[in-house]
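Okay, structure first, notes after.
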DNA sequence: GCCAATATGTACTAAGCGGTAAGTAACCCT
DNA sequence: AGGGTTACTTACCGCTTAGTACATATTGGC
């Protein structure tokens, strides 16, 4: 048997690069949101026709979810990187300054697609709205777990409330996404980051 | 002449209450956003037919803008009220706790329609997106002006940066809107408010 | 050279969109 | 009672939407 077919090198080869096309799709979803993006918007930006899009990505919803995966692995990679910093304060610092740099970066749309991709939306977008909501909540849970560890490590006071700290940080990060949409610059967001850190407890 | 016609008590009277219908429209726009709301959604929620909607409110875009005015004068009235508190710290306090109470209030959709009504959207929604963006920026400018006054009044240190304080507060308030969409409770948002105030300077 | 397999472009579908024309119903004023 | 004015209902408009059928083109393997 061994019908693995992992390398479907048979048949006519694809005329476009899947990853590049996905980047283009992410750009459109990021700027226009799920409801505001039409298939025409997508095929035009991706440089392919509808049947190619459906063959390669399933449908609009699955394409969106794949674009979000790409977003988290590339433009939003600073989030997971920050979690690995040695102390809770450094985690917060790295995450806030990373967000300040990234969300107002003119090299891509402003803000965060996980925040603004499907915040208020039609019933047709309920699935992707839920997916984004889950990502936001999971991000905060990762932060909370990291701060619990910091209390064990001793770089956060034992009296610190890890859950509230994580929610405070999540609130500011999500607020920064709106600020970037408002036209705030990276420097202005850095000032917000600095103020946010003033309320952040530290043992060292 | 005197063709003022301020009281159009002539002709068949309207069979619905304009203000009630506008409240219903606000509710739909708040939950679904501008792009995610169809005219069918609106007419169904408002209990009227399309021609009545167009006669009373112009079109979808003008209806949205009128709904936003209603939002600012009612559910979001705490914002302007907070600006009148005697000190900068009390302004921030009242605004943060007011937002915590309001944005997670189960009596209406969660969050803030000025934030989530048209954040990322289609080109058809460009006008309302711009209108909401302006409201957010103007709100922050009002905060900044209030804090400038507070420096003159002496209840903020002369070294305080009114612009950054306003942006920090705006960031947290807008972040709270996302948090409320994430399912955060008023009590959880109050904890965020308390942390936010820890970074807030005060002379008294 | 031919077959199986995959991708492509064109043309199509049914349904929904925002918005409106036209006829009818309900009111005030004279 | 009739005319003027306004609102309501029904049916429609042209256009766009997400998604697909089908014929054609391009590859590797035999």
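Every number here is computed from the coordinates shown, using simple stated rules; none is lab data. Note that the coordinates shown come from a computational prediction; the quantities given were computed from them, not determined experimentally. Glycine also receives a Cβ, built like all others from the backbone with ideal geometry; neighbour counts cover every protein chain displayed.
Think of it as helices only: each DSSP H run of n ≥ 4 in the protein assembly as shown is worth -39500 (n - 2.57), and spread over all residues that comes to -21500 deg cm²/dmol at 222 nm. Figure legend: label point modelled 7 angstrom from the Cα of residue A:15 along Cα→Cβ; residues of the stretch A:38-54 with amide N under 19 Å from it are A:40-54. Comparing mean-square fluctuations of B:44, B:123, B:138 from a GNM of chain B with C-alpha springs under 10 Å, the top value falls on B:123.
Compute the acute angle (0 to 90°) between the alpha-carbon long axis of helix A:88-103 and the principal axis of greatest extent of the alpha-carbon atoms of chain A; round to the nearest 10°. On a 0 to 90 degree scale, this one is about 40. Residue exposure proxy: B:42, A:143, B:80, ordered by other Cβ atoms within 10 angstrom of their Cβ from fewest to most, comes out as B:80, B:42, A:143.
Contact order for the stretch A:79-131, expressed relative to its length and based on alpha carbon pairs under 8 Å spaced 6+ residues apart, stands at 18 percent. The rotation axis bringing chain A onto chain B passes closest to the chain A residue reported with its distance as A:175, 1, by C-beta distance in whole Å. With a ≥ b ≥ c taken as the square roots of the eigenvalues of the C-alpha gyration tensor of chain B, please select rounded if a/c is under 1.5 and otherwise prolate if a/b is larger than b/c or oblate if it is not? Prolate.
Partner shielding of B:29-41 amounts to 4, given as the average count of beta-carbon atoms from other chains within 10 Å of each residue beta-carbon. If you plug the beta carbon distance of residue A:198 and residue A:149 into 1/(1 + (r/R0)^6) with R0 = 25 Å, you get a FRET efficiency near 0.60.
A Gaussian network model of chain B, with springs between Cα atoms under 10 Å, assigns the largest mean-square fluctuation among B:53, B:152, B:70 to B:152. Relative contact order for the stretch B:49-111: what is it in percent, counting Cα pairs under 8 Å that are at least 6 residues apart? Over the stretch B:49-111, the number comes to 19 percent.
For chain B, the relative contact order is 23 percent, taking Cα pairs closer than 8 Å that sit 6 or more residues apart in sequence and dividing their mean separation by the residue count.
Remark: mean inter-chain Cβ contacts per residue of B:129-140 equal 2, using a 10 Å Cβ-Cβ cutoff to other protein chain atoms. The label point for residue A:159 and the one for residue A:137, both projected 7 Å from the Cα toward the Cβ, are 3.2 nm apart. Between this copy and the others, label points of residue B:50 are 2.2 nm apart in ascending order, each placed 7 angstrom from Cα in the Cβ direction.
Mind running the shape call on the stretch B:1-108? Use the C-alpha gyration tensor, a ≥ b ≥ c as the square roots of the eigenvalues: rounded below 1.5 for a/c, prolate if a/b tops b/c, oblate otherwise. The shape class here is oblate.
Every pair of different Cα atoms in the protein assembly as shown enters the Kirkwood calculation, which places the hydrodynamic radius at 22.9 Å.
When each of B:35, A:153 is scored by the number of other beta-carbon atoms lying within 10 Å, the sequence from fewest to most is A:153, B:35. As a proxy for reagent exposure, A:68, A:178 were ordered by neighbouring Cβ count within 10 angstrom, fewest first; the result is A:68, A:178. A straight line joining the Cα centroids of the stretch B:170-198 and the stretch A:126-191 runs 11 Å. A label point on residue B:203, set 7 Å along the Cα-to-Cβ line, lies at 3.9 nm from each of its counterparts in the other copies, closest listed first. Counting, for every residue in B:187-193, the Cβ atoms of other protein chains within 10 Å of its Cβ and taking the mean gives 3.
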